[in-house]
Amino acid sequence: MVPWKKSEPENFKNAMDLLVADRGGFYFEPKVGIHDNVGEIDFSSMYPMLMLKKNISPETVSCECCSDSANRVPELGYNMCERRVGIVPKVLKLMLKKRMYYKEMRNKASDPEERRKYDQRQAAYKIILCTCFGYLGYRNARFGKVDAHIAACAFARKTLLDTSKLAERRGFEIVHGIVDSLYLKKKRATDKDFIELCREITDYTRLPISYEGRYRWIVFLPSKTHFGVPVLNRFYGVFQDGKVKVRGIELRRGDAPNIVQQCQNEVIKDLAEARNSREFAELIPDALSILRKYADRILNREVYLADLVISKQLSKDPDRYVNSVHQAIAARQLRDHGLEVMAGQTVKYIIVDADNRRPERRVLPVQLVDTESRYDVKEYLKLLVDAIYTMLSPFGFTREKLMIRILGQSQSSLN
Ligand SMILES: [Zn+2]
């Protein structure tokens, strides 16, 4: 009964690609800038949950036995089978149950080790569940069908739209929404207001939704290349209890050097003291002095080389790079020293002289660093400024302005 082979090859896409790039995805563009009193609500396992509840499976979408089914795909009107439970929902049911069980055990556990164990288990299920949705749209999947994937997306879009309408009716403004999370703002709204909203949403959608908490303030960031254009899922904010949440900036990325991450971290920690956007504004001068402190360390060559290491994954074999990007140069140097380096590996290097006419002198892989190695001050200053620019661009700071703050007017044109 298992299909032997399916032809029609299609490139594999992960769930995120399908959600964001595909027309199937649905989101509310973030409102760039700082917001007070924003609450975050997340549907848990929204897509798998919808696949289970709406019986979404390759053989249940537009089935032949239930052409007058009451279970219809929103917008598209496809009928969904009412007589048989699909194979995909059958499988998902058990996994969703297990994930919920592990989450519950995690929340109950008092021993941190136990807690960690259960958390990892529920996280593993989260990934498997997410993959189940992604796989549904993969043409070579034995149990995949693109219509089933489209149906899941249509149900998800409707869910987010319904949810946003419910929220707006209660006076909330949607400041950002992506995949299965919504960021809602309402003046003077309390935790209770958000919890009540969640209850109403669950009653209406029949899907579990959790209230993640309220941010004292949250900053949604614009694109770095297109001024003023918002970017999905790039923000930083502080919850009422002081917990910081950061997405999509250097701090979270494995490739940025320590020195840059440390500086960003310290700036966020400092800003986290602010209870609202007004206090945030008052702390910006502090943030700038932190930047200056780190810049001075770079300028005075006080930074350990270990804190300047950049890690980049090779997307292709070293020889296949057309441009002399830093990771390719570093990889070639390693190979010249007899090391085998290929696509998929991560190379670690420091920038020694970015403008050197000979590419092999621009960077140095960590394996070849010694006590004589010198780093490129200007290049690391630029990386540092860029990281703080990422955070402060909604407040009227440009890279040039920040450079002037560090070096003074006269020297700011270092390049
Ligand atoms: Zn049917």
Using the Karplus curve 6.51 cos²θ - 1.76 cosθ + 1.60 with θ = phi - 60°, work out ³J(HN,Hα) for each residue of region 122-134 in order, rounded to whole Hz, and write x for Gly and Pro. 5, 5, 5, 5, 4, 5, 4, 5, 4, 5, 4, 5, x
Where only protein heavy atoms count, and the probe is 1.4 Å, what is the accessible area per residue for the chain in Å²? 53
For region 177-244, averaging the sequence separation of alpha carbon pairs under 8 Å that lie six or more residues apart and dividing by its residue count, the contact order in percent is 25
For region 294-395, the percent of accessible surface on carbon and sulfur atoms (probe 1.4 angstrom, ligands and nucleic acids excluded) is 44
What is the log10 of I(q)/I(0) for region 177-247, computed with the Debye formula using one identical point scatterer on each Cα and no solvent, at q = 0.13, 0.14 Å⁻¹? -0.47, -0.54
Among Tyr349, Pro318, His337, flag the residue with its Cα farthest along the positive direction of the charge dipole of region 305-374, charges on Cβ as +1 for Lys/Arg and -1 for Asp/Glu. Pro318
Taking the Cβ-Cβ separation of Glu200 and Asn265 as r and a Förster radius of 41 Å, what is the calculated FRET efficiency to the nearest 0.05? 0.60
List the GluC sites (Glu not before Pro) in region 326-415 that DSSP assigns to loop (not H, G, I, E or B) and whose Cβ has at most 10 other Cβ atoms within 10 Å. Which are they? Glu340, Glu372
Please report Rg over Rh for region 105-261, where both radii come from the alpha carbon positions and Rh follows the Kirkwood definition. 0.99
Leaving out ligands, DNA and RNA, and with a 1.4 Å probe, what % of the accessible surface on region 15-234 is carbon or sulfur? 52
Starting from the alpha-carbon convex hull of region 15-234, give the projected area averaged over all orientations, in nm². 14.1
Find the relative contact order for region 328-375 and round it to a whole percent, using C-alpha pairs within less than 8 Å whose residues are 6+ positions apart. 38
Treating only Lys and Arg (+1) and Asp and Glu (-1) as charged, each at its beta carbon, one finds that the chain has a dipole about its Cα centre, in Debye to the nearest 20, of 860
Could you tell me the extents of region 352-397's C-alpha atoms along the three principal axes, largest first, rounded to whole Å? 41, 23, 14
Ignoring ligands and nucleic acids, what accessible area does Arg199 show with a 1.4 Å probe (Å², nearest 10)? 140
With label points built 7 Å along Cα→Cβ from the Cα atoms of Tyr321 and Asp241, find their separation and express it in nm. 4.4
Lys93 to Glu212: FRET efficiency via 1/(1 + (r/R0)^6), r the Cβ-Cβ distance, R0 22 Å, to the nearest 0.05? 0.30
Taking the Kirkwood radius as the inverse of the mean 1/r across Cα pairs, report the Rg/Rh of region 65-159. 1.10
Quick one, what does Rg over Rh come out to for region 305-374 if you take C-alpha atoms and the Kirkwood Rh? 0.93
For the chain, take the longest principal axis of its alpha carbons; what is the angle in degrees between that and the long axis of helix 326-336, to the nearest 10 within 0 to 90? 70
Angle between the Cα long axis of helix 146-169 and the longest principal axis of the chain, 0 to 90 degrees, nearest 10? 80
Anyone know which of Asn276, Asn71, Asn233 comes out most mobile in the 10 Å Cα GNM of the chain? Asn71
Out of the chymotrypsin sites (Phe, Trp or Tyr not before Pro) in region 270-305, which ones are loop residues according to DSSP with at most 16 other C-beta atoms within 10 Å? Tyr304
Quick one: what does P(r) look like for the chain with 10 Å bins over all Cα pairs, in whole %? 4, 17, 23, 24, 19, 10, 3, 0
Helix 191-205: angle to the longest alpha-carbon principal axis of the chain, degrees 0 to 90, nearest 10? 40
Are there any trypsin sites (Lys or Arg not before Pro) in region 310-415 that are in a DSSP loop and have at most 14 other Cβ atoms within 10 Å? List them by number. Lys316, Arg357, Arg374
If DNA, RNA and ligands are ignored and the probe is 1.4 Å, what is the ranking of His326, His35 by accessible area, most exposed first? His326, His35
So, in Å, what gap is there between the alpha-carbon centers of region 101-159 and region 195-263? 21
Using Cα pairs closer than 8 Å and at least 6 residues apart in sequence, work out the relative contact order for the chain, in percent. 16
In a GNM of the chain with a 10 Å cut-off on Cα contacts, which of Ala70, Ala154, Ala167 has the highest mean-square fluctuation? Ala70
Zero-based 5 Å bins, Cα pair distances in region 333-415, whole percents: 3, 12, 18, 17, 15, 13, 10, 7, 4, 1
Ordering Asp336, Asp180 by how much accessible area each has at a 1.4 Å probe, largest first, what is the list? Asp336, Asp180
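The values are calculated or read from the model by the stated rules, or taken from the named source; none is laboratory data. Since the model is a prediction, treat every value here as computed from it, not as a measurement. In this analysis, Cβ positions are derived from the backbone assuming ideal geometry, glycine residues included, and neighbour counts consider all displayed protein chains. What goes into the accessible areas is simple: the full protein's heavy atoms, side chains included, and nothing from ligands, DNA or RNA. Shrake-Rupley method; radii C 1.70, N 1.55, O 1.52, S 1.80 Å.
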